[in-house]
Amino acid sequence: MRRRLPEWLRNKSPLAAETREVRKVLAELNLNTVCSSARCPNRGQCYAEGTATFMILGSVCTRNCRFCAVDKGPVQPPDPGEPERVVTAAARLQLRHVVITSVTRDDLPDGGASQFAKTIKLIKRRLPEVSVEVLTPDFKGNRDAILTVVEAGPDIYNHNLETVPRLYDRIRPEADYRRSLELLKLVKSHGKGLLTKSGVMAGLGETGAEIEAVMDDLLAVNCDILTIGQYLQPTKDHLPVVEYVKPAVFKEWEALAYQKGFKFVTAGPLARSSYQAGRVRTVLV
Ligand code: SF4
């Protein structure tokens, strides 16, 4: 039986006007956003702030994380016209900060890294004033694939740890905590002035000490930006919420993360990987 949402999570419905225009453009250009497939509660605000997250490489994932609402099943080959359509959408929506993410494509030799690179380069060439953030899968730790994305020149490289190492087997069994930290370390060591970012969900049974240990592990690989948000059960078939973490606890984590040395932190019940992503650019980019 799904638990009743606490009052602080009963978010106001998204700003219809913004979301309607964005949804219209995305439909016309046959583009996916993680905003809609993950049923993100912040769509209205993000769109109003000129930020949107495009999901490339299709809408079907080759993995099966227990918290994620993205479809699983047979996948299609990468669409060569997708990078062009992403740029067209970004221009039409007058976005200032574009986030590019994808499902995990373990079926592709480079995990889809070349499609990320094409999209980044096209945005940089056509919309030089727009900042680009990528939120990538782990590419199974494939060094060439990771560096293909880094060398395409994004401003922010995001790769989520999603949860604490003790819960990986139950929550994201195909992922590897150390491998993800190694990816962030490689990106930081090769990306000239590139900001790195990562995020975790709370409310899946982790302890405060484990969240703090994740902060330390990320700082040990020179990660700049951190997000911490509340896990919300997408459907009854996904992992149940263990705890609705109180807003005051997120505030404590935010203060602790800054005290430890992160450059930018977004922590709150409604925080998501790309939430307020555009604000980072005004502060750090
Ligand atoms: S790899 Fe990403 S998109 Fe795929 S199931 Fe896991 S969280 Fe969802």
Self-check item: Computed [θ] at 222 nm, helices only, for the chain once each DSSP H run of length n ≥ 4 contributes -39500 (n - 2.57)
Solution: -11000 deg cm²/dmol
Self-check item: Apportionment of accessible area to carbon and sulfur, the chain, percent (1.4 Å)
Solution: 53
Quiz prompt | Charge dipole of region 231-274 about the Cα centre (unit charges at C-beta), most positive-ward option of Gln259, Leu232, Tyr244 | solution = Gln259
Quiz item: Once Lys and Arg get +1 and Asp and Glu get -1 on their Cβ, which of Gly208, Ala220, Leu184 lies farthest toward the positive end of the dipole of region 167-223?
Solution: Leu184
Quiz item: Which value, in debye to the nearest 20, describes the size of the charge dipole of region 12-283 about its Cα centre when Lys and Arg Cβ atoms bear +1, Asp and Glu Cβ atoms bear -1, and nothing else is charged?
Solution: 580
Quiz prompt | Packing rank of 267-274, 171-178, 96-103, 123-130, where each peptide gets the mean count of other beta carbons within 10 Å, highest leading | solution = 96-103, 267-274, 171-178, 123-130
Quiz item: When the Karplus curve 6.51 cos²θ - 1.76 cosθ + 1.60 is applied with θ = phi - 60°, which whole-Hz ³J(HN,Hα) does each residue of region 208-213 get, with x for Gly and Pro?
Solution: x, 5, 5, 4, 5, 5
Self-check item: Note, ³J(HN,Hα) from phi for region 81-97, Karplus 6.51, -1.76, 1.60, rounded to Hz, x at Gly and Pro
Solution: x, 4, x, 4, 6, 4, 5, 4, 5, 4, 5, 5, 8, 6, 6, 9, 9
Exercise. Express the accessible area of the chain per residue in Å², computed with a 1.4 Å probe while the remaining protein chains stay in the model.
Key: 45
Self-check item: Computed over the chain, Kirkwood Rh from alpha-carbon pairs, angstrom
Solution: 19.0
Quiz item: What are the ³J(HN,Hα) values, in whole Hz, obtained from phi via the Karplus relation 6.51 cos²θ - 1.76 cosθ + 1.60 with θ = phi - 60°, for each residue of region 111-120 in sequence order, with x given for Gly and Pro?
Solution: x, x, 4, 5, 5, 4, 4, 4, 5, 4
Self-check item: Given Lys124/Lys192; Lys140/Lys236; Lys188/Lys246; Lys140/Lys263; Lys197/Lys260, the pairs whose alpha carbons are separated by over 21 Å
Solution: Lys140/Lys236; Lys188/Lys246; Lys140/Lys263
Quiz item: Could you list log10 I(q)/I(0) for region 69-128 at q = 0.12, 0.14, 0.24 Å⁻¹, which the Debye formula gives when each Cα is one point scatterer?
Solution: -0.33, -0.44, -1.04
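The values are calculated or read from the model by the stated rules, or taken from the named source; none is laboratory data. Please read these numbers as outputs of a predicted model, since none were measured by experiment. Cβ sites come from the backbone with ideal geometry, for glycine too, and all protein chains shown count toward neighbours. Accessible surface areas use protein heavy atoms only, side chains included; no ligands, DNA or RNA. Shrake-Rupley method; radii C 1.70, N 1.55, O 1.52, S 1.80 Å.
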